[in-house]
Amino acid sequence: MRKIFLKQLVLVSALAVCFSTNLLAVNWSGNVNTNVINDSIALQGNVTFTADVTVTINDGSTRTVTPDGNYFLTHAVTEKLILQVTNGKLLFDLTSFDVAFQGATNPLEIFVQGAGTVEFQLAGGRTVSFKEGTAGTKVYVVMGAAGPMIQFTRTAPDANNVFINIGRDSLLTYVDVNQLGAGGASDTGTILFDPTNATDDTGRMVLNIANKGGMIVASHWFDGTAVQLNVPGAGQPVFRITNTNVNANAGLMVVNGNQTLFDLSIDPWCTGIYSGNRYGFVLGNNALLNVAPNAYFDYVGTATNQCPNPVITCTDATPASSFVKARNPSAFFVDGISISSNAAAVPAEINFDTCSAMVFRSGVDTFGVVENPIGFTYTNTTFTVDPAKKTGGAGNLVFDVEGLLEVVGAGALSAKMEVLSLSVDPTGANVLSSGLSTCSLIFPLRNFSKDLLGNYLAYNSAYFLLNNNMTLHDISLVHTDQNHYVSEKNDTTSEPTYVGGESFTLTQDALTPVCSNKPKLIFDNANLLVQENIAFTGLDLLVTNFSCETGNTSNFIFFQNGYNIDDGTGRQMILGTCIGAYSCDGCEIICKDAQLDVMQSFTCAEPCVPLVLNLQNISNDATIVQDIASSCTAVPLECQLSVHTIYLGHSSNISIGKQAAITGCTIATLNIDGNFFSFDTRGGNK
């Protein structure tokens, strides 16, 4: 039920429609306390709202807000700005000047509602900021049946970057007038980014998030008077990156500068505490992050790992640092809600259309210094670090899966997720290398730039942490990471890029083997592209059937480089490492195993559908390995192919088949290209 606050907004807007006859632009400068209906706004100076102000567009028109200088908009005490576009568009024209919204003593609250669009158009070099004065700025997308949309658009091709800044104590997020499970399930609201540039122009659209700022893709309950951040709202929040030109690069760069750990709705350490104050970049339950065709999401973490200190209540866990792993406040967090606590909760979803990608990098050195921050333009050194100041071990956490996550693609060879290591240009590569995809050459491309000592320019070491299950449907997980040291048949010193969490150990009974309930990286008609040596620890790789009607054929594709580079030894996959297995104080092993399972989950009758994992071999190309073009000549020895090794570290294993309780068809199959693969193990229960 909409309460007094929303009713007043609608009434004010309706009265203004009846009595407004002004056909000229409204001038804003100094104190502003009157509503605007179906008019454009000339922004002629800094603005202070001295009353709640509603800007309404309901006649299907596009009305503009045009500044003639760089200005800020604030409020006197607690006044709100309501942008109510029910039919039409409110366009902020930032082609010549910057605009900032900033709080005063109290936060400035901006509500965006209605079925229309509020769009910010930015030319190269321009900035829109949602920032702090004393307090910050809170932007709320009020979701509805025909949801509102906030859109950020680059206006023209340019080598200069455009910036959307979220300052300290500020956030962009979503609200609904219904609590989760109490109506409003079909409500929606969208924040859309259109970073479309020319094919060769390198100007980026950059979403900057400051310490204690937040881009929170999750719904919160708006009770009609105030937003309750700690109460989940209904509806589906949507965060979308799009491209309006198939031949142009369109990558949104998210630079997360948050330095402060925060509570999560999923409560991974059973503390019973959730304030609702989340920072950085968070994708919550029931939310959708969509990467449209020919677009990509480019994520940069700029903080180092920290050791959490939760008060764990579900087990005797003192000190907490011996029971939990490190976290990173600048990581991309996937949050959630247990279905047992709210039946309306569904896992977060990252959705990829054809020819799309999501890439991650750590842009900070081991001392917490961003050596090469992004400036007015993007260069080959942006976010690279001094090789002597790289973080050892697993590195910095950049992608943290705490709630269940579904990753859905449109074809396993048309989209990818990838951790970057060597410096890349924003455009020039296909979405997958070695001829596996046929997309436009508009995705990040390794530039093989070197420093004065001859070292390749590179980002800091980065890794994924799965503290819950992550399922990949029809997409490729691409591994090109050259930062981590992975040694042949060595589970002691090899460094993992994919690490399991610890929550499962806090709730299982003492008789359960410690690694029995590890989080799972699940492949459903999906690919793992092993283009460099790779290591996992503390999680399982699972290929399983999701029903008896739909098959699952997934592929682990290993890449060889020819004899001159590989010398006969191909890619190494280490399952289970010591590094990455320890608690954040380094005192306790959480789990140092990693299983590979091709396991049937449902009893199925004839006819059987396939449940297959294929181990395949192909060659890298010069977009991944610089010298590979000359590595194989007509000399037979130089053309000799490589042998890849899967090494079972510690107590890791490979299981194929089904549990005893599963009857009917036996459909699990592991196909091995026998000419190119070997298997080895540490042996014993280590």
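The values are calculated or read from the model by the stated rules, or taken from the named source; none is laboratory data. In this text, all values refer to a predicted model and were calculated from it rather than measured experimentally. All Cβ positions, glycine included, derive from the backbone under ideal geometry; neighbour counts span all protein chains shown.
Listed values, structure above:
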item: Qualifying residue in region 382-400 (condition: outside any strand (DSSP E or B), under 30 Å from Glu349 (Cβ atoms) and within 13 Å of the chain's Cα centre (by Cα)); result: no
item: Strands (runs of 3 or more DSSP E) lying entirely in region 256-329 (those with 1 or more residues that are of a type in the set (Gly, Ala, Ser)); result: 280-283, 295-301
item: Residue match in region 374-387 (condition: buried (at least 21 other Cβ atoms within 10 Å of the Cβ) and among the small types (Gly, Ala, Ser)); result: no
item: Matching residues in region 164-179 - criterion: being aliphatic (A, V, I, L, M) and outside any loop (DSSP other than H, G, I, E, B); result: Ile164, Ile166, Leu171, Leu172, Val175
item: Evaluation of Ser341 against (1) touching a residue at least 12 places away in the same chain (Cβ under 8 Å); (2) under 24 Å from Ala218 (Cα atoms); (3) surrounded by fewer than 23 Cβ atoms within 10 Å (Cβ to Cβ) (one fails), failing number; result: (1)
item: Lone unmet requirement of (1) in contact with a Ser or Thr (Cβ under 6 Å, 6 or more places away or on another chain); (2) buried (at least 19 other Cβ atoms within 10 Å of the Cβ); (3) at negative phi for Phe120; result: (1)
item: Count of residues meeting criterion [crowded, with 23+ Cβ neighbours inside 10 Å, touching a Pro at 6+ places or on another chain (Cβ under 9 Å) and assigned to a strand (DSSP E or B)] in region 530-582; result: 7
item: Any hit, region 174-185, residues being out of contact with any Lys or Arg (no Cβ under 8 Å at 6 or more places or on another chain), touching a residue at least 60 places away in the same chain (Cβ under 8 Å) and polar (S, T, N, Q); result: no
item: Hey, Ser129 hydroxyl-bearing (Ser, Thr, Tyr) and in a strand (DSSP E or B) or not; result: yes
item: Boolean, Leu404 is surrounded by fewer than 24 Cβ atoms within 10 Å (Cβ to Cβ) and among the hydrophobic types (A, V, I, L, M, F, W, C); result: yes
item: Checking Ala412 against (1) in the same structural domain as Gly392 (by the TED database); (2) not in a loop (DSSP other than H, G, I, E, B), the condition it does not meet; result: (2)
item: The lone exception for Asn561 - which of (1) out of contact with any helix residue (DSSP H, G or I) (no Cβ under 9 Å at 6 or more places or on another chain); (2) at pLDDT below 95 it fails; result: (1)
item: Per-region count, region 197-231, residues under 30 Å from Asn249 (Cβ atoms), of a type in the set (S, T, N, Q) and crowded, with 23+ Cβ neighbours inside 10 Å; result: 1
item: Single residue of region 602-619 satisfying the filter (polar (S, T, N, Q) and at pLDDT 95 or above) that is surrounded by the fewest Cβ atoms within 10 Å (Cβ to Cβ); result: Asn614
item: Matching residues in region 518-543 - criterion: being closer than 15 Å to Ile589 by Cα and not hydrophobic (A, V, I, L, M, F, W, C); result: Lys518, Thr537, Gly538
item: Residue within region 603-617 that is touching a residue at least 60 places away in the same chain (Cβ under 8 Å) and of a type in the set (D, E, K, R) present; result: no
item: Qualifying residue in region 627-637 (condition: modelled with pLDDT under 85, polar (S, T, N, Q) and buried (at least 17 other Cβ atoms within 10 Å of the Cβ)); result: yes
item: Ser356 being closer than 26 Å to Arg446 by Cα, touching a Pro at 6+ places or on another chain (Cβ under 8 Å), among the small types (Gly, Ala, Ser) and not assigned by the TED database to the domain that holds Tyr582; result: yes
item: Members of region 405-452 found to be under 15 Å from Val625 (Cα atoms), of a type in the set (Ser, Thr, Tyr) and in contact with a Leu (Cβ under 8 Å, 6 or more places away or on another chain), listed by number; result: Ser423, Ser449
item: Selection from region 23-48 of residues that are at pLDDT 95 or above and either surrounded by fewer than 14 Cβ atoms within 10 Å (Cβ to Cβ) or more than 16 Å from Leu90 (Cβ to Cβ) (or both); result: Asn27, Ser29, Gly30, Asn31, Asn33, Thr34, Gln44, Gly45, Asn46, Thr48
item: Selected residue (only one of Asn490, Asn467 is in the same structural domain as Asp267 (by the TED database) and more than 23 Å from Ser433 (Cα to Cα)); result: Asn467
item: Search result, residues across region 583-601 that are buried (at least 20 other Cβ atoms within 10 Å of the Cβ) and in a loop (DSSP other than H, G, I, E, B); result: Ser583, Cys584, Ile590, Cys591, Lys592, Asp593, Ala594, Gln595
item: Flag for Val141 being closer than 25 Å to Asn277 by Cβ, touching a residue at least 24 places away in the same chain (Cβ under 8 Å), surrounded by 23 or more Cβ atoms within 10 Å (Cβ to Cβ) and of a type in the set (A, V, I, L, M); result: yes
